[in-house]
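Reviewing the structure listed below.
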Amino acid sequence: MTLFFTLLAIVGGAQTPFNCNGGMYRVTENDNGSTFQRIELDAERGRIQFTDLARFDGLPINAICYRPQDDLVYGLVQTRPYQLCRIDADYRLDILATLPLPDSLHFVSGDISPDGKYLVMLGFHERSNYNLLARINLTDPDYHTEMEIFRAQGSTTRVYCTDIAFHPTTNVLFGFDHLQRRLVTIDLDNRVIDNTTYPQTGKIQGIVPSIFFDERGNLFGIGSAASLFGDRTLFKFDIDTGEVERLQSLNIDHYPEDACSCPYTVELYKSVSFRQLSPCTQVEFTYSLVNRTDEALTQLELRDSFPPGFSIQSIHLPEQLSATISGEGTHRLELSQLDLPIGQFEITVDIWLEEEVLAGDYAEHATLRHTPRLYPEGPSYILSDDPETIAVDDPTRYSVRPLEALFNQHHYLICPGDSVLLQPLTDPNLSYTWSTGQTSPAIWVSTPGEYELLIESDCESDRTRVRVEPSTLAVTLGPGIYAEEGESVLILPEVTGAGEVISYAWTWLPTDEMAICPNCNEYRFAPREEGFVELKIVDVYGCEASASTPVFLSEFAVYVPNAFSPNGDGLNDRFYVQGRTNYDIQSFRVFDRWGNQIFEQADIQVNASEMGWNGEVRGKMMKTGVYVWQAIVIAKDGRQQLLSGDVQLVR
């Protein structure tokens, strides 16, 4: 049954939460309003269908996202200005805030950040060479919005993503770029869009306005297979390879749309505190259990088995969980009669590696038994997933090796006046001795040089050195800039040093006005007054460098001689417009004393002597005397300057 709502918004009051439980939802903009639907996906057969839930007249809604923290759906009303809205399980829609998003950009792609704090939006426009990422703080009563410029890594510096979705365990943000027809990822920390790793596909020729994950971590999309906007097809994406599979042609209208999901039912994640382990050390395994069904689960059973030489020392359960525990002193873990309330909980297990443990690479699943079936013929157990990888339902991998002090890089760069953290990728519970005399697992150093580290376990030791080098990051903008008022000027900074620059901040002084392109590696502007342009850059190591250059304004000026002598001696044989600046000349004409035009050139430049008048008309040299000239010169700000005068022809 379809429900229709025409009451737009009543902010406040209690909202009725949805039941997560793997729920998926879709909204379509149509007929001066929006239809809110439930998605029913049969992932095994690759089939999808939609059920109408509510109608919101007069409200074009897009960019919907499911927020597990309150089990409500958020989205954007596609008016100008944009408005933040929220929908609850009674299909009540609240308008929460008017947002300061640029009207010129499309904001139809969004998802909730993994911590539930932000609605993350990726804006784009066909004529823009960058993307604008907006973070709307959903925990702030005023819904404070922050915006940053993001650029893609490939040959095109922007992407056209009509939807984005966070992976439910790795927190990687995915989108589909219909400009290059490929899967992309968005790195929020480094403000970079990776549009090079995944291959292009010929199976999608248009937009994919809906992408969403199911409860198994599979990525699906609804988009156009044959044209930019023309049809609707259900796709499945392989997030390991980027390959696309067409699943179902949908006989539905191709209105603007968006989809979201709460991709959880019951999940088990297994992580390890360190990937490289050594004998005579302790390691911690963490099991995250997620119950997003509509009821507490009882009589579950968690099992795991470790290699020989691993000895379970202790097992820690949160107070909300109850279970019968066994396995301490062995390499087999078993929690039976486990009761799992709704929510997410962590169990930690401390394990000691005996001296005789075998070196090697290991990949292991834990199992959670007696769970609800995800589909009628499915199993009643689930395998653990490694939450730190993109792959779905993959085992947790680690290795056992002789003790070795490893760092994530061979040498470190230190910024002037700064310090850098030296931290090996080893267990902090080992014994550490640095050449500085410090005995902590990690140290801060502020002086370039070579540092030695000795690490020791109960049965092994290793010594290594790491080098810290000073940063040589520098930037120059050249000498001064001389330009006319309103002239277009391009500044190309020269950057030297070891680190890749990740941030550019341009400032116009003395007014401290930030440039309109705050993160561009070059700056084009048209000065209206004299001043300074200042640039501050930051590289991947956090080092900063700055430079400035003065800007001087010069007046429009050309020189037109008042006499010339076309006698073939190579001196002043032609009459033309001269100057220090190569202005464009729209037209240059010469008239006799009766007003007859005897010479004309168009679309030439100042100082083009070969285009000047040689004193002849139709091959015949004119008489000595006074002639009138007129020129239309284009100033550097684009304005036309009409100039005129007379010239004496002499021999």
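The values are calculated or read from the model by the stated rules, or taken from the named source; none is laboratory data. Please read all numbers here as calculations on a predicted model, not as lab measurements. Because the Cβ atoms are built from the backbone with ideal geometry, glycine has one as well, and the counts that use them run over all protein chains shown. What goes into the accessible areas is simple: the full protein's heavy atoms, side chains included, and nothing from ligands, DNA or RNA. Shrake-Rupley method; radii C 1.70, N 1.55, O 1.52, S 1.80 Å.
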For K203, counting only lysines whose alpha-carbon sits under 19 Å away and dropping same-chain residues fewer than eight positions off, the answer is K236
Given [x] 26.6, 86; [y] 34.5, 117; [z] 28.5, 92, which label gives Rg and Dmax of the Cα atoms in Å as computed from the coordinates?
-> [y]
Expressed in nanometres to one decimal, the distance between label points 7 Å along Cα→Cβ at D189 and H316 is 2.4 nm
Mind giving me the nanometre distance, one decimal, between the label points for H144 and K117, set 7 Å out from Cα along Cα→Cβ?
-> 1.0 nm
Inter-label distance, nm, simple model (7 Å from Cα along the C-beta direction), S609/W444 = 6.7 nm
Indicate, rounded to the nearest 5 percent, the antiparallel portion of the DSSP beta bridges found entirely in the chain.
-> 90 percent
Could you provide, to the nearest whole Å², the per residue accessible area of the chain with probe 1.4 Å?
-> 47 Å²
From largest accessible area down, sort T330, T35; use a 1.4 Å probe on the protein chains.
-> T330, T35
Just the number, please: carbon plus sulfur as a percent of the accessible area of the range 248-392, 1.4 Å probe, no ligands or DNA/RNA counted.
-> 46 percent
Compute the separation of the alpha-carbon centres of the range 15-43 and the range 76-99 and state it in Å as a whole number.
-> 15 Å
When the accessible area of the range 508-635 is computed with all protein chains present and a 1.4 Å probe, what percentage of it is carbon and sulfur?
-> 45 percent
May I ask you to evaluate 6.51 cos²θ - 1.76 cosθ + 1.60, the Karplus curve with θ = phi - 60°, for each residue of the range 106-112 and list the ³J(HN,Hα) values in order in whole Hz, giving x for glycine and proline?
-> 8, 10, 10, 10, x, 7, 7
For L421 and A563, what is the calculated FRET efficiency with R₀ set at 56 Å and r taken between the beta-carbons, to the nearest 0.05?
-> 0.15
So for the range 504-636, what percent of the C-alpha to C-alpha distances run longer than 25 Å?
-> 50 percent
Segment D253-N30, length gained on full extension (0.36 nm per residue, minus Cα span) = 79.3 nm
Could you please state, rounded to a whole Å, how far the C-alpha centre of the range 474-488 is from the C-alpha centre of the range 302-375?
-> 65 Å
Taking Cα pairs closer than 8 Å and at least 6 residues apart, the relative contact order of the range 225-288 in percent is 22 percent
In straight Cα distance, which aspartates and glutamates are under 19 Å from K536, not counting same-chain residues fewer than 8 positions off?
-> E148, D418, E494, E500, D512, E513, E522, E544
Once amide H atoms are built 1.01 Å from N in the peptide plane, which residues 5 or more positions from Y482, or in another chain, come under 5 Å H to H?
-> F552
Using alpha-carbon positions, the gyration tensor of the range 1-142 gives root eigenvalues a ≥ b ≥ c; with a/c under 1.5 called rounded, otherwise prolate if a/b exceeds b/c, else oblate, the class is rounded
Which FRET efficiency, nearest 0.05, do D573 and A505 yield, Cβ-Cβ r, R0 56 Å?
-> 0.55
Calculate what fraction, in whole %, of the accessible area of the range 76-142 sits on carbon and sulfur atoms when a 1.4 Å probe is rolled over the protein chains.
-> 46 percent
A chain fully extended from F345 to E530 at 0.36 nm per residue, minus the present Cα-Cα distance, gains in nm 60.4 nm
With θ set to phi - 60° and the Karplus curve 6.51 cos²θ - 1.76 cosθ + 1.60, what are the ³J(HN,Hα) couplings of the range 391-405 in order, to the nearest whole Hz, using x for Gly and Pro?
-> 4, 8, 6, 8, x, 7, 9, 7, 9, 10, 9, x, 4, 8, 7
